[in-house]
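Quick notes on the structure that follows.
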Amino acid sequence: MIWRIRERDDFARLAGRGRRVRAGVLWCTYLLDESAQPPRLAFAIGRACGPAVARNRLRRRLRSLVAGDPLPPGWYLIGATPAATASSYGELQFDLTELRRRFDAAHSSG
């Protein structure tokens with residue numbers, strides 16, 4: 001189970017205290033927090049990614065990928081570059097896995 005981030009204060013805290021990692025066509029700003037159980041998640045998919053249909057399809061794909069591989073407790077803002085809309089499901093899965101590997105490595109190193 002994953003909850004959505006909706007409040008402005010939550011986004012501000014994530015922007016101020018969160019760390020950012022990139023992998024392929026995706027990026028993630030995250031703040032690991034044991035009290036955020038279940039994890040909180042939001043997506044930043046701008047108009048540069050295409051019309052609403054393409055942005056919503058990308059958001060659904062990412063939501064499905066995250067649900068299949070649950071995140072540790074915390075706050076997450078996942079964004080995409082315009083090239084993400086042309087990426088296959090497998091390519092998005094690879095980039096999301098790489099994102100997780102990078103934020104796990106960044107968190108374990110300090």
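Throughout, read-outs are computed from the coordinates displayed, never taken from laboratory work. Just so we're clear, the structure is a prediction, and the values are computed from it rather than from any experiment. Quick reminder, even Gly has a Cβ in these numbers, built from the backbone with ideal geometry, and neighbours come from all protein chains shown.
Applying 1/(1 + (r/R0)^6) with R0 = 35 Å to the Cβ-Cβ distance of residue 12 and residue 88 gives a FRET efficiency near 0.50.
Taking Lys and Arg as +1 and Asp and Glu as -1, the other residues whose beta-carbon sits under 12 Å from that of residue 18 total +3. In this structure the amide hydrogen of residue 41, modeled in the peptide plane, comes within under 5 Å of the amide hydrogens of 3, 4, 5, 76, none closer than 5 places in sequence on its chain. Packing around the peptides 20-26, 55-61, taken as the average count of other Cβ atoms within 10 Å per residue, puts them in this order, highest first: 20-26, 55-61.
Evaluating 6.51 cos²θ - 1.76 cosθ + 1.60 at θ = phi - 60° for every residue in the range 91-104, the Karplus couplings come out as 5, 5, 4, 4, 5, 5, 4, 5, 4, 4, 4, 5, 6, 5 Hz, glycine and proline recorded as x. Listed values for the range 29-37 are Karplus-derived 3J(HN,Hα) couplings in whole Hz (6.51 cos²θ - 1.76 cosθ + 1.60, θ = phi - 60°), namely 9, 9, 9, 6, 7, 4, 6, 8, 10, and x replaces Gly and Pro. Each residue of the range 38-55 is assigned a 3J(HN,Hα), and the resulting list reads x, x, 9, 9, 9, 10, 10, 10, x, 4, 5, 6, x, x, 4, 4, 5, 5 Hz, derived from the Karplus form 6.51 cos²θ - 1.76 cosθ + 1.60 (θ = phi - 60°), x at Gly and Pro.
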